[in-house]
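The values are calculated or read from the model by the stated rules, or taken from the named source; none is laboratory data. This structure is a prediction, so every number in the text was calculated from the model and none was measured. In this analysis, Cβ positions are derived from the backbone assuming ideal geometry, glycine residues included, and neighbour counts consider all displayed protein chains. Just so you know, the surface numbers come from the protein's heavy atoms only, side chains and all, with ligands and any DNA or RNA stripped out. Shrake-Rupley method; radii C 1.70, N 1.55, O 1.52, S 1.80 Å.
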Amino acid sequence: MSTLSYRLPQKRALVTELPGPKSTELGARRRAAVAAGVGSSVPVYAADADGGVIVDVDGNSLIDLGAGIAVTSVGASDPRVAQAVSEQAAHFTHTCFMVTPYESYVRVAEELAALTPGDHEKRTVLFNSGAEAVENAVKVARLATGRMAVVAFDHAYHGRTNLTMALTAKSMPYKTNFGPFAPEVYRMPMSYPFRDEAGLTGEQAARRAITQIEKQIGADGVAAIILEPIQGEGGFIVPAPGFLPTLVSWARANGIVFIADEVQTGFARTGSWFACEDEQIVPDIITMAKGIAGGLPLSAITGRAELLDAVHPGGLGGTYGGNPIACAAALATIETMRELDLPARARQIGETATTRLRALAAEVPAIGDVRGRGAMIAVELVKPGTALPDADLTKAIAAKALEQGVIVLTCGTYGNVIRLLPPLVIDDDLLDDALTVLEQAIRAATA
Ligand SMILES: *Cc1c(COP(=O)(O)O)cnc(C)c1O
């Protein structure tokens, strides 16, 4: 990473307690103005961010191990992205691609055709959010197949809109009392090596799901199977090898559209451009968002030309979808990722972090599992000697890390997973410091 220079000092430095007085005051204003239903992981308010640090309004410099949920992989103020955004804003902020189209949308589509797995003919549509991409992938699959049923999996997370709530597995906080949900969504068992019966292979886990699909729906009723190649909010669950390829080949044999939801895993995060590559699977449609545009709201679906082109003109779109500023940011992000070889950097980050966390796991019985791929790394916490999830311990660890100036996120169906998603441009010293803080937090919380 010697090619990188930073605008802000890449150092953890606390000058107040957290939250400091200015963040505390903003917290009070927020409670009077912002709906309680919007949560925040930390009570500090951001003033600046660069590389691996977020500086808060009180002048504290915190290490960011969340990247705004896997979004700012190139950093939160990548100079190339910042310049592309301001140049585009000085020309036009919006025309609506459905009214007066522009080149950058087409270029993003060309880039996505080249970057995504498979060398078949592809088409792309751009949207604003991950949930919107998922909704549209399902629309396309239903129209193209003339079938209705959609298969999703245990522990899945696909968003917060009505259809994507239906696809998401976890009730609290995502679904509770928000129904009724979209119909024709069926949930199947996942491959979760840490929690499956010992020895269940990926292929066996896939067969278990396939048998249920055949029994509950019938293969010829299924429009699409949607799956995150590594589940994100559900707990960074890496399915056993063979699970994905078995499902994909069964889907293909039965005319079912396989949708890979790579909203979280995509764009260099797992050490490849897309996580599907690691098992050589080629999805029919891939959904992308989060890391795609250096923090600007953009999402996409890219898929087989015959599926996407089956939709009548006007059937897909949206006022802001593929906004020109977001497209400029995406092109700059892709350039930065290529130039810095961020997939390789994600692999290095993963090696550094998992080596240290596995060594810690050997000493701390509450660490049930350390897993992940590239810079998508998880620690699953349990009651020692069992597989019983320990959500309280997980919260305590995140709180202790924050006290020392490190932002870590939690996730998991059982709320018992610490997840690391650092910006891929974090430097080695800062990453080491953050891991030391996390280790100390885990030791202190389990002592
Ligand atoms: C975050 C996420 C979504 C939803 O994206 P939004 O931009 O929040 O709508 C969908 N799928 C996966 C796998 C995600 O991680």
Pair list, Cβ under 8 Å, 6 or more apart: segment 132-144 residue free of Cβ contacts under 8 Å to residues at least 24 places away in the same chain, other residue surrounded by 24 or more Cβ atoms within 10 Å (Cβ to Cβ) and assigned to a helix (DSSP H, G or I): none
Only listed residue being touching a Ser or Thr at 6+ places or on another chain (Cβ under 8 Å) and either surrounded by fewer than 17 Cβ atoms within 10 Å (Cβ to Cβ) or closer than 13 Å to Ile377 by Cβ (or both), chosen from Arg443, Arg419: Arg419
Checking Ile69 against (1) open to solvent by 20 Å² or more (accessible area, probe 1.4 Å); (2) away from the ligand (no atom under 16 Å from the Cβ), the condition it does not meet: (2)
Which listed residue is in a helix (DSSP H, G or I), open to solvent by 10 Å² or more (accessible area, probe 1.4 Å) and of a type in the set (Asp, Glu), from Glu306, Glu363: Glu306
Tally of residues being surrounded by fewer than 21 Cβ atoms within 10 Å (Cβ to Cβ) and within 15 Å of Gly221 (Cβ to Cβ) across segment 148-172: 1
In segment 222-242, residue farthest from Arg142 (Cα to Cα) [restricted to those that are part of a strand (DSSP E or B) and either open to solvent by 10 Å² or more (accessible area, probe 1.4 Å) or away from the ligand (no atom under 14 Å from the Cβ) (or both)]: Ile225
Selected residue [over 28 Å from Asp309 (Cα atoms) and either assigned to a helix (DSSP H, G or I) or basic (Lys, Arg) (or both)] from Ala209, Ala198: Ala209
Inter-residue pairs, beta-carbon under 6 Å, first part of a helix (DSSP H, G or I) and in segment 14-33, second among the aromatic types (Phe, Trp, Tyr), 6+ apart: Ser23/Tyr45; Leu26/Tyr45
Condition check for Thr145: closer than 16 Å to Pro283 by Cβ and among the polar types (S, T, N, Q): yes
Qualifying residue in segment 337-347 (condition: touching an Asp or Glu at 6+ places or on another chain (Cβ under 9 Å) and closer than 30 Å to Val437 by Cα): no
Qualifying position, being open to solvent by 60 Å² or more (accessible area, probe 1.4 Å), of a type outside the set (Phe, Trp, Tyr), under 19 Å from the mean Cα position of the chain (by Cα) and at pLDDT 95 or above, among Arg371, Arg347: Arg347
Considering residues of segment 243-277 that are among the small types (Gly, Ala, Ser), closer than 13 Å to Ile210 by Cβ and open to solvent by 10 Å² or more (accessible area, probe 1.4 Å) only, the residue nearest to the ligand (Cβ to nearest atom): Ser249
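Conditions tested, residue by residue: (1) at pLDDT below 95; (2) assigned by TED's automatic domain parsing to the domain that holds Ile301; (3) in a loop (DSSP other than H, G, I, E, B); (4) small (Gly, Ala, Ser).
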position: Gly59; (1), (2), (3), (4): no, no, yes, yes
position: Val99; (1), (2), (3), (4): no, yes, yes, no
position: Ala113; (1), (2), (3), (4): no, yes, no, yes
position: Ala131; (1), (2), (3), (4): no, yes, no, yes
